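Engineer: What follows is a structure written as structure tokens; I'll ask about it next.
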Amino acid sequence: MSIFDSFVRKHDYLVCVDSDGCVMDTMNCKHFHCFGPCMVTEWGLEAWKEEILDRWNVINLFSMTRGINRFKGLAMALGEINEKYKPITGIAALQHWADTAPALSNDAVAKAAADAQDADTKLVLEKALSWSKAVNAAIVELDEALKVPYDGAKEGLAAAHEFADVAMVSSANRDAVEEEWGKFGLLKHTDIVLAQDVGSKAACIREMMKFGYDPSKVLMIGDAPGDCDAAEKNGVHYYPILVNHEKDSWDEAIAVAFCKLQSGDYAAYGAQKKQEFLRNLGG
């Protein structure tokens, strides 16, 4: 049974919302304390730890690849490490899988490793799975004080839920995001949770569109180029939560963006917001 089978459309409008770095102020701490350090440990990169972690953070937080799927980010980082610091066994196979796999999740990489026909491919995919599981475990152990919503995010979700169906669309681990959103009462403003296990953000939006929403009445809210790309692939609107301007972004969503969406006057405003978004990330 698919998660979509239990969803019931209630409104003409649909608002899709990312989690980490958009609703939850968890993106930086997860990368600083979990993703990068676990990669260093898994591949024995301690000799170059500082510079490798700096580069990990640029790829995943502070550039146009912000918010990239964890396995794509891993393949990018290890590709650079393979060229600059030490050989990474099976790197080409990992890059190929990250570029071509229809789903990028723990289950998907586990199946790919089990199906691998050569030792190097099996090894690198097994290590990618080991790393991803270690990341999930490290996230669970993070200080709870670090895992909080941005100011204005809960109010933004509540405002969206007054006129639209709300879908959380995230590439993060389901257990983690459900625990975080549940703790702060965010799930009551959400109609469906679409996490890493369901598929890419673009695929999740595409499935939601099958419920008959007019694309002009659908909005994706996110903080990363991948969120914008997922919206554009489905011909729907995008609203950015700007890095280091999160509260202002949520306040503007409530005061302006949602009104523009409902009045049918979002397109020109959305183009302006996209340019602000690209400038903010240096794109």
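Derivation of every value follows stated rules applied to the coordinates shown; laboratory data play no part. These numbers were taken from a predicted model, which means no experiment stands behind them. Ideal geometry is used to build each Cβ from the backbone, glycine not excepted, and the neighbour counts take in all protein chains shown.
Engineer: Helix 70-84: angle to the longest alpha-carbon principal axis of the chain, degrees 0 to 90, nearest 10?
Structural biologist: 40 degrees
Engineer: With springs connecting C-alpha atoms under 10 Å apart, model the chain as a Gaussian network and identify which of Phe71, Phe211, Phe163 has the largest mean-square fluctuation.
Structural biologist: Phe211
Engineer: Counting only helical runs of four or more DSSP H residues, what would the 222 nm mean residue ellipticity of the chain come to if each run contributes -39,500 (n - 2.57) and the total is spread over all its residues? Intermediate results must be reported in sequence, preceding the final value.
Structural biologist: Working: 14 runs with 145 residues, N = 283.
Roughly -15000 deg cm²/dmol at 222 nm, from the helical runs in the chain.
Engineer: If you don't mind, there's one more thing I want to ask. Find, to one decimal place in angstroms, the Kirkwood hydrodynamic radius of segment 164-234, where the mean of 1/r is taken over every pair of different Cα atoms and then inverted.
Structural biologist: Working: mean 1/r = 0.0793 Å⁻¹.
That comes to 12.6 Å for segment 164-234.
Engineer: Over all alpha-carbon pairs in the chain, figure out the percentage whose distance exceeds 23 Å.
Structural biologist: Of all Cα-Cα distances in the chain, 53 percent exceed 23 Å.
Engineer: About the Cα centre, and with charges only on the beta carbon of Lys, Arg (+1) and Asp, Glu (-1), how big is the dipole of segment 27-140? Nearest 20 debye, please.
Structural biologist: For segment 27-140, the charge dipole is close to 280 debye.
Engineer: In square nanometres, what is one fourth of the surface area of the convex hull spanned by the alpha carbons of segment 27-140?
Structural biologist: Value for segment 27-140: 6.6 nm².
Engineer: Right, here's the next one. Calculate one ³J(HN,Hα) per residue across segment 35-52 by plugging θ = phi - 60° into the Karplus curve 6.51 cos²θ - 1.76 cosθ + 1.60, and present them in order as whole Hz with x for glycine and proline.
Structural biologist: Coupling constants for segment 35-52: 4, x, x, 5, 5, 4, 5, 4, 9, x, 10, 4, 5, 10, 3, 4, 5, 5 Hz.
Engineer: Okay, next question. Show the residues, 5+ positions off or on another chain, whose built amide H is closer than 5 Å to the amide H of Val17.
Structural biologist: So Val17 has HN proximity to Ala167, Met168, Val169, Ile221.
Engineer: At each listed q (0.13 Å⁻¹), what is the log10 of I(q)/I(0) that the Debye formula gives for segment 96-188 modelled as equal alpha-carbon point scatterers?
Structural biologist: -0.62
Engineer: Please sort by residue number the GluC sites (Glu not before Pro) in segment 116-174 whose DSSP state is loop and whose Cβ has at most 12 other Cβ atoms within 10 Å.
Structural biologist: Glu141, Glu162
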